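Chemist: Quick one: structure below, then a few questions.
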6 protein chains.
Amino acid sequence: MYIVTLTTGNVGTQDPKLSRTQLAEIRRQEELAALKDLGIPADHYINLGYDDGLLEFEDRKAVVENLVRWIRKLRPDVLFAWDPGKNYQRWHKSDHRAAAYLAADAARAAMWRLLFEGQITQEGLKEFMIPEYMFYDDFDYQDENVWVDISDFVEKRVNADSHYISQFGPGWKNYNPNPSEAEVQQMKAQALDFIRTRDGKRIEGFRYYKGLPDAIGK
Amino acid sequence: MYIVTLTTGNVGTQDPKLSRTQLAEIRRQEELAALKDLGIPADHYINLGYDDGLLEFEDRKAVVENLVRWIRKLRPDVLFAWDPGKNYQRWHKSDHRAAAYLAADAARAAMWRLLFEGQITQEGLKEFMIPEYMFYDDFDYQDENVWVDISDFVEKRVNADSHYISQFGPGWKNYNPNPSEAEVQQMKAQALDFIRTRDGKRIEGFRYYKGLPDAIGK
Amino acid sequence: MYIVTLTTGNVGTQDPKLSRTQLAEIRRQEELAALKDLGIPADHYINLGYDDGLLEFEDRKAVVENLVRWIRKLRPDVLFAWDPGKNYQRWHKSDHRAAAYLAADAARAAMWRLLFEGQITQEGLKEFMIPEYMFYDDFDYQDENVWVDISDFVEKRVNADSHYISQFGPGWKNYNPNPSEAEVQQMKAQALDFIRTRDGKRIEGFRYYKGLPDAIGK
Amino acid sequence: MYIVTLTTGNVGTQDPKLSRTQLAEIRRQEELAALKDLGIPADHYINLGYDDGLLEFEDRKAVVENLVRWIRKLRPDVLFAWDPGKNYQRWHKSDHRAAAYLAADAARAAMWRLLFEGQITQEGLKEFMIPEYMFYDDFDYQDENVWVDISDFVEKRVNADSHYISQFGPGWKNYNPNPSEAEVQQMKAQALDFIRTRDGKRIEGFRYYKGLPDAIGK
Amino acid sequence: MYIVTLTTGNVGTQDPKLSRTQLAEIRRQEELAALKDLGIPADHYINLGYDDGLLEFEDRKAVVENLVRWIRKLRPDVLFAWDPGKNYQRWHKSDHRAAAYLAADAARAAMWRLLFEGQITQEGLKEFMIPEYMFYDDFDYQDENVWVDISDFVEKRVNADSHYISQFGPGWKNYNPNPSEAEVQQMKAQALDFIRTRDGKRIEGFRYYKGLPDAIGK
Amino acid sequence: MYIVTLTTGNVGTQDPKLSRTQLAEIRRQEELAALKDLGIPADHYINLGYDDGLLEFEDRKAVVENLVRWIRKLRPDVLFAWDPGKNYQRWHKSDHRAAAYLAADAARAAMWRLLFEGQITQEGLKEFMIPEYMFYDDFDYQDENVWVDISDFVEKRVNADSHYISQFGPGWKNYNPNPSEAEVQQMKAQALDFIRTRDGKRIEGFRYYKGLPDAIGK
């Protein structure tokens, strides 16, 4: 399991004291703490370093090329990504929307030996076709076709979520690396609220797809 | 109430005699005449001056930056804009479609102190989060959730509409700044036809949204 | 009947022996053979020569300008194109998606005398409004409103399809310009399978539209 | 002899009455009249239709691709172009400067079979290496190495120059397609003044280069 | 006298404690303090807010359009700018180099009624041709043709220079808004050293140019 | 000693049989063979994989960012690069010219902690200022200020040069990986010819520079 993130999250704060640099460092530490809780080692976290809030203005070809490189290196069995073009993404014009399309674009391009060929002739990489996909959205879940029972992992996930202090916790307006116990409990409660229930079970829903990346949307 | 328009409308005519310059000047005069009828002063009309029909080819970052500046200056209580990603917008690949996304992008960016920061450190502006939104479309109205009874304003609106001679009136093919009384009446009749009715009342419909711009599409 | 294609198809192969150049040449010959079967002369096939898989990274204004030139030259009664923004296109982030939007953009721009005016003042072309449209998709056919009975042309079409050896036939993994009779039969069977049936007849479905290009999506 | 021009000249006027369209048409007629005087037929004049004053903002790859197409079609023995990087060009940041570099870029790219290959696989063109070059500048002539005695053509040239009424003549501030005889004489006198003299002869000077385009600057 | 600056200077520091925001604010205060010493009011300082060190990656057309707007607003008698294409600028690939070319480009574009016409039809501005130019460089001064005796202003200038603490003073590595008297003296000494002498007089040298902006480089 | 190359050299051949892929692979093998002769291990050769002949059309910011990453990783004592803006580079509009500027740009950007900061906050890199520079050109050598006596290395260099069969040898028109002994001798003779002599010694000349990258051109 590898996590590839596009931006450093260095913009999204309401705390007037934080700088871009500080925010990027805080977000990284929060991410690593959460991943550690989930048993994912720090070197499985890859952040491509783009500036928060400006991803859609970066050169698309260059971003796709970077993602293709990681797909060809990591050769994942399954890609988890925002569902491109979904109702929420359609309106949500921002880094999330851009990320959804860029991930789909990269999955498509990575499989062709004759695209971004420099990676193959110069870096010893080989083309790779991701065989399976789990797309998620956080809006109307209209296209979901697979639900995973996460009952056994709810506590783990809630704990992991409680590390994102600068983003979802009290640090949003006034960052403090050491929240009080009460604040931590509130973050956990909120995280729990966010988890959906289906047929009495805690679940995550996805649009599962298997096949040629070109037909991801079918 | 301020009107921020992106293009000058200097292309859309079927009159073979009009130049880009003339058309831009005519469209401006028509707009100001309509606004006057509605009680909106001329200096509340801001036109960013982009060329008609080519908006989607302009540098997106630069356009968003311009819109962010105006949002931070005017600090509106409500933003009225085309609904981005709506069915009609989805297909309508043109200035309207571009404008819908650009407005949503700018609303999102304007709230972050660390985005387009030059406006803040150099121009004395402050970040600003638009709190409420009224999105409109002119296709299937499928996402409308608010209808405003405009019965008392129908005449005002029809009068205002009758100023757009070069765009909707007889001036489309053969521009004449002084239409005949019959032509004016026809424009007004057409404008009236265009106004929708619901439960026996003349209305305008919107998708109303209140909250974080990031979730505009939810 | 003219065919305007954007890319040369010089990337999409799983045959490790083919180069970009060879693939482009093969694809062209396959296309011309298919068109010949349909009675369309070779000089009615126009390929704009863009690289396969990278169309969305080309300068959009330059591509639209090229398409506008061909619309103004050929002055078609009807445009056949992928339906932009359709569900399939929405997700299918690739050359097909780009082509759908670019075709709609070009149809819109071609009608204005004051857009891409160099073509008019320097090349003797005139603005042109395509009056009718037949949009197709290959996903859920949800917006189709016209079905054409193609029963009499099924054989012709199947024969034409059987020429695309490098794309749909055995040449996908191991290109051979001379497939065996059995392979040809299999390609034909597959092509036949792909043709839809409605009310017991072999059909092609379209979203038919007539009117101003600006309202293509209505 | 073919003339390939990049822009339509539709901006450069001080006459407040002229529109972009009118200016483009006037400039074209002036050019054709001048070429006729020189014995060059109208269909040897190719204008790529870019807007005046904005050439450096066009997508460079697309412009070079267009020029490469013309080089491969016309297959010239000699290219006449502004000398790129010359002192004057170095400072003269405008269409002239852009044109100088674009011409050199296109000359270089046109010779490679594997560049802009769509022109070769789809349009029946072949790569072409321009063998000889005559570069000109209008500043300090410091790099000139060839001078052509044009004594016998001075009258022809002066006559040709006298057609550029909107650009060099009285039409600059107040365009009139039919200048008076006195005005024509003044334009001719001015054109004659502009022609340089060397060793008592009327001349044109050039930097002549023969060889691989890659070393144009050596 | 108006000062138009392109970037906020928010990158160039060796002090590890400063953020982009802080640096931009410090630089602005230093600039205003210096201008005050010279008798230039704060509202004559216009900073376009671009990020330091990244100017050459901004959309050139958008930056030129912004500069053209200011030229048409301020209508200067003389433009002071880095000399574009000069030996130093030729090598100095950075914001300074970009600024030199952008200023020349904007000076050229501002004079044409038909360029960036939205400013004219929508904002009440008029085209404007800057009549005179004073170009400076800080390398070999090879093209200087005018020297101004600044003997009477040396003290004023040295005082003004002493405000740039974060850029030239002790603040470069460890910013302190209140330098010691010794530090201020050292900054002043350094500023004095930087002023050139010619024929026994303290001078500033320029390449003076008067005429059409198109021929700035002649 | 590390070699960072921007393009794969996959275009520059006159052999009609070679594909882009084959050429890229051949060029890589030739480079590695040459480096081996010089005692430089294969993993010190870094090729960024851009397409030959199209470097100037790539997104400049993305290329500079890649180069900055390598500078911050390798932290070189000295940068060897084409001299940007030199007379030859000024005219030589091609990958070489682009490479010269991009190297200088990257050297400049790499030293700032606040530029391309994602590399620092996410990848564990630190800003780095290259302290010394050796710039080379192959035109008029006018700015050279340092000459290195390479007498002892002439044979090594000639041997290394003899590996570039596809570029300088008989493979230019008809590639053969195993040239005859006579052909190898001719390549060596040619390579020897290319080495300059000064004061009776075989030399390489450079423009040596030490100091802030911002003043590289001084």
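Chemist: Calculate, for residue F:129 and residue B:44, the FRET efficiency according to 1/(1 + (r/R0)^6) with r their C-beta to C-beta distance and R0 51 Å; round to the nearest 0.05.
Modeler: 0.50
Chemist: Let me ask something additional. Which of the trypsin sites (Lys or Arg not before Pro) found in segment F:135-212 are loop residues per DSSP with 15 or fewer other Cβ atoms within 10 Å of their Cβ?
Modeler: Qualifying residues, ordered by number: F:173.
Chemist: Continuing with the same structure: Using a probe radius of 1.4 Å on heavy atoms only, what accessible surface per residue do you get for the protein assembly as shown? Whole Å² is fine.
Modeler: For the protein assembly as shown, the per-residue accessible area is 44 Å².
Chemist: Between B:103, B:189, B:34, find the one with the highest GNM mean-square fluctuation for chain B; connect C-alpha pairs within less than 10 Å.
Modeler: B:189
Chemist: Now for a separate question. Apply the Karplus parameterisation 6.51 cos²θ - 1.76 cosθ + 1.60, with θ equal to phi minus 60°, to every residue of segment C:120-134 and state each ³J(HN,Hα) to the nearest whole Hz, in sequence, with x for glycine and proline.
Modeler: 8, 6, 10, 10, x, 7, 10, 4, 8, 9, 5, x, 10, 9, 10
Chemist: Still on this structure, I have one more. How far, in nm to one decimal, is residue D:200 from itself in the other copies if the label point is set 7 angstrom along Cα toward Cβ? Shortest first, please.
Modeler: In ascending order, 5.1, 5.1, 10.1, 10.5, 11.5 nm.
Chemist: With a ≥ b ≥ c taken as the square roots of the eigenvalues of the C-alpha gyration tensor of segment B:1-133, please select rounded if a/c is under 1.5 and otherwise prolate if a/b is larger than b/c or oblate if it is not?
Modeler: prolate
Chemist: Of the accessible area of the protein assembly as shown, with the probe set at 1.4 angstrom, what percent is carbon plus sulfur?
Modeler: Ligands and nucleic acids excluded, carbon and sulfur give 51 percent.
Chemist: Mind pulling the angle between the C-alpha long axis of helix B:95-110 and the longest principal axis of chain B? Nearest 10 degrees, somewhere in 0 to 90.
Modeler: 30
Chemist: Can I ask one more? When Cβ neighbours within 10 Å are restricted to other protein chains, what is their mean count per residue of peptide A:105-115? Mind showing how you got there, number by number?
Modeler: Numbers: counts 6, 1, 1, 5, 4, 0, 3, 6, 7, 14, 6.
Neighbouring Cβ atoms belonging to other protein chains average 5 per residue here.
Chemist: Using a Förster distance of 56 Å, how high is the FRET efficiency between residue F:153 and residue C:140, based on the Cβ-Cβ distance and rounded to 0.05?
Modeler: It comes to 0.25.
Chemist: Taking amide H atoms as placed 1.01 Å from N in the peptide plane, list the residues 5 or more away in sequence, or in a different chain, whose amide H sits under 5 Å from that of residue F:47.
Modeler: Residues meeting the criterion, in which the H sits 1.01 Å from N, are F:5.
Chemist: Between residue A:77 and residue A:113, 0.36 nm times their residue separation minus their Cα-Cα distance comes to what?
Modeler: 11.1 nm
Chemist: List the residue from chain A whose beta-carbon is nearest to the axis that rotates chain A onto chain D, together with that distance in whole Å.
Modeler: A:61, 6
Chemist: Continuing with the same structure: Once amide H atoms are built 1.01 Å from N in the peptide plane, which residues 5 or more positions from residue A:139, or in another chain, come under 5 Å H to H?
Modeler: Correct list: empty.
Chemist: Report, for residue A:74, each distance to the same residue's label point in the other copies, shortest first and in nm; define the point 7 Å along Cα→Cβ.
Modeler: Shortest to longest, the spacings are 2.8, 4.2, 4.2, 4.9, 5.2 nm.
Chemist: A further question on this structure: Distance check, please: which entries in E:17/E:188; E:36/E:156; E:61/E:210 exceed 21 angstrom between their Cα atoms? Kindly include the intermediate steps, with their values, before the conclusion.
Modeler: Numbers: E:17/E:188 25 Å; E:36/E:156 11 Å; E:61/E:210 25 Å.
Violating the 21 Å Cα-Cα cut-off are E:17/E:188; E:61/E:210.
Chemist: A further question follows. Which angle between 0 and 90 degrees, to the nearest 10, do you get for helix B:181-194 versus the longest principal axis of chain B when only C-alpha atoms count?
Modeler: Rounded to the nearest ten degrees, it is 50.
Chemist: Here's something else I'd like to know. Distance from the Cα centre of segment A:141-190 to that of segment B:56-70, in angstrom?
Modeler: Centre-to-centre (Cα) distance: 35 Å.
Chemist: Does segment A:124-209 come out rounded, prolate or oblate, given a ≥ b ≥ c as the square roots of the eigenvalues of its C-alpha gyration tensor, rounded meaning a/c under 1.5 and, failing that, prolate meaning a/b above b/c?
Modeler: Details: a/c = 2.53, a/b = 1.53, b/c = 1.66.
In terms of gyration-tensor shape, oblate.
Chemist: Taking H as built 1.01 Å from N, whose amide H comes closer than 5 Å to the amide H of residue D:112, not counting residues under 5 places away?
Modeler: Amide H neighbours of residue D:112: D:128.
Chemist: Using only Cα atoms, tell me the angle between helix D:60-74 and the longest principal axis of chain D; keep it within 0 to 90° and round to the nearest 10.
Modeler: That works out to roughly 90 degrees.
Chemist: Along Cα-to-Cβ, 7 Å out, sits the label point; list in nm, shortest first, how far the one on residue A:14 is from those in the other copies.
Modeler: For residue A:14, the other copies' label points sit at 4.1, 5.2, 5.2, 5.9, 6.9 nm, shortest first.
Chemist: Quick one: Karplus J couplings for segment A:10-16, per residue in order, coefficients 6.51, -1.76, 1.60, θ = phi - 60°, nearest Hz, x for Gly and Pro?
Modeler: Coupling constants for segment A:10-16: 8, 10, x, 9, 10, 8, x Hz.
Chemist: A further question follows. Put +1 on the Cβ of each Lys and Arg and -1 on the Cβ of each Asp and Glu in segment F:7-165; which of F:11, F:110, F:24 then has its Cα farthest toward the positive end of the dipole?
Modeler: The Cα lying farthest towards the positive end belongs to F:110.
Chemist: Just to be sure I understand: if you take the accessible area of chain A alone plus chain F alone and subtract the pair, with a 1.4 Å probe, what total do you get in Å², rounded to 100?
Modeler: Numbers: alone 12530 and 12530 Å², together 23420 Å².
Counting both chains, the buried surface is close to 1600 Å².
Chemist: Sort segment C:122-163 into rounded, prolate or oblate with this rule: let a ≥ b ≥ c be the square roots of the eigenvalues of the Cα gyration tensor; rounded if a/c is under 1.5, and if a/c is not under 1.5, prolate when a/b is larger than b/c, oblate otherwise.
Modeler: Oblate is the answer for segment C:122-163, as a/c is 1.5 or above yet b/c matches or exceeds a/b.
The values are calculated or read from the model by the stated rules, or taken from the named source; none is laboratory data. Keep in mind that what you see is a predicted model, and the values were worked out from it rather than measured. Cβ sites come from the backbone with ideal geometry, for glycine too, and all protein chains shown count toward neighbours. Ligands, DNA and RNA are stripped out before the accessible areas are found, and what is left, the full protein with its side chains, is counted by its heavy atoms. Shrake-Rupley method; radii C 1.70, N 1.55, O 1.52, S 1.80 Å.
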